[in-house]
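First the structure, in the form of structure tokens, and then the observations on it.
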Amino acid sequence: MKRIFDLIKKRVINFGKLLPAISYSIKVKTRIRGGASVYLHPVVFFKVILRLFSAPFFKLDSICLPGEQGFEKKLNGLIRGRISLEKIDGRRFFDFDTFKVFVPNFKNAENVILNDFREVYLDDVYAKHFLMGRPIKDNDVVLDLGANIGGFSLWACSQGAGVKCYAVEPHPEIQKELEENVALNRLEDQIVRIGKCISSKNEKLRMSFNEDVFTMTRISSSQGTVEVDAISVDSLVDSLGLTKLDIIKFDIEGAERIAIAGATETLKKFKPKLALSGYHLVDDVYFLIDQLLEIQPDYTIIVGSNMHIYAF
């Protein structure tokens, strides 16, 4: 607990005109001049403290305040309503007007994917706290870490003309679903599939597949049914020969801090916008904020009520 209070200094401000928020000045190491303002939704502080207190006794993967879970179920119903009555090649699909996504061929896939699609297409979790809610514009270059079946990559390409997206997904079976969704939308020239996982260095790792929740895969150095190639963000960006990088999305099941450790040069050189999941590990919010500002102190950071982190 001491670390979080050593790390942050609280003062209340007005966030916009209506939304109350808490501004935190991060006390970074002395080699970085001054402090940096980080804006947290008030609910975030409560959720972080609750998870820290509960950690010795049980694991809280997520925290829903009263009414949130019921509201999410209603929104999931709206997403379910996007499943077309028609079929393509005998398969059911979601129709989101500007692009389509096959219902994945995995156990309980429809129910599992509803949460992900709600977050991207209704909750707007990868865009809502960027200025004007439009982090992606024409001809932007996007790095999708944890692409899964392509939900974010497809959305990214719908946000502007000529968007180029590099979709990183290591699991072979999920890669097939990603490939089919890219082909379904004829985006082979815009979405480049990369069958590797992200780590802090280039290495061989092992991966296990959760048959009940296909979006939750686990990667380790020794346990898993599939061997995968791991690559750092810096090595990936270098191998692709990128001369610009506008936004990186991180949703890699608790490995965000490992990925950032291997993205030092990329963040310094390009200062891309970042959208990170900050809820996988109990201390993710303050750890990731501190880590990002150590690398790129010029970032402005916002943490929304959904525990997603936005840097720009």
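The values are calculated or read from the model by the stated rules, or taken from the named source; none is laboratory data. Since this is a predicted model, take the numbers as computed values, not measurements. Positions of Cβ are backbone-derived with ideal geometry, glycine not excepted, and every protein chain shown enters the neighbour counts.
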Need a quick list: strands (runs of 3 or more DSSP E) entirely within the stretch 1-115 having at least 3 residues that are modelled with pLDDT under 55 and closer than 21 Å to V125 by Cβ. 19-26
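Considering only residues that are assigned to a helix (DSSP H, G or I) and aliphatic (A, V, I, L, M), look in the stretch 169-201 and name the one that is surrounded by the fewest Cβ atoms within 10 Å (Cβ to Cβ).
Within the stretch 169-201, the first condition is being assigned to a helix (DSSP H, G or I), and the residues that meet it are 172-184.
Add one more test, that the residue is aliphatic (A, V, I, L, M), and what stays is 174, 178, 182-184.
Values: I174: 21, L178: 25, V182: 24, A183: 11, L184: 18.
Top of the filtered list is A183.
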Assuming T266 fulfils every condition listed in (1) in contact with a Cys (Cβ under 8 Å, 6 or more places away or on another chain); (2) closer than 24 Å to F312 by Cα apart from one, which condition is it? (1)
Out of the residues in the stretch 116-128 that are acidic (D, E) and assigned to a loop (DSSP other than H, G, I, E, B), which is surrounded by the most Cβ atoms within 10 Å (Cβ to Cβ)? D123
Tally the residues that are surrounded by 22 or more Cβ atoms within 10 Å (Cβ to Cβ) and of a type in the set (V, I, T), restricting the search to the stretch 253-281. 2
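This table checks each residue for (1) touching a His at 6+ places or on another chain (Cβ under 8 Å); (2) among the acidic types (D, E).
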position	(1), (2)
T217	yes, no
E227	no, yes
I231	no, no
G241	no, no
I248	no, no
D251	no, yes
G262	no, no
K271	no, no
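Condition check ((1) touching a strand residue (DSSP E or B) at 6+ places or on another chain (Cβ under 6 Å); (2) charged (D, E, K, R); (3) closer than 18 Å to Y279 by Cα; (4) surrounded by 13 or more Cβ atoms within 10 Å (Cβ to Cβ)) across all residues:
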site: D89; (1), (2), (3), (4): no, yes, no, no
site: K100; (1), (2), (3), (4): yes, yes, no, yes
site: K107; (1), (2), (3), (4): no, yes, no, no
site: L114; (1), (2), (3), (4): no, no, no, yes
site: G146; (1), (2), (3), (4): no, no, yes, yes
site: G151; (1), (2), (3), (4): no, no, no, yes
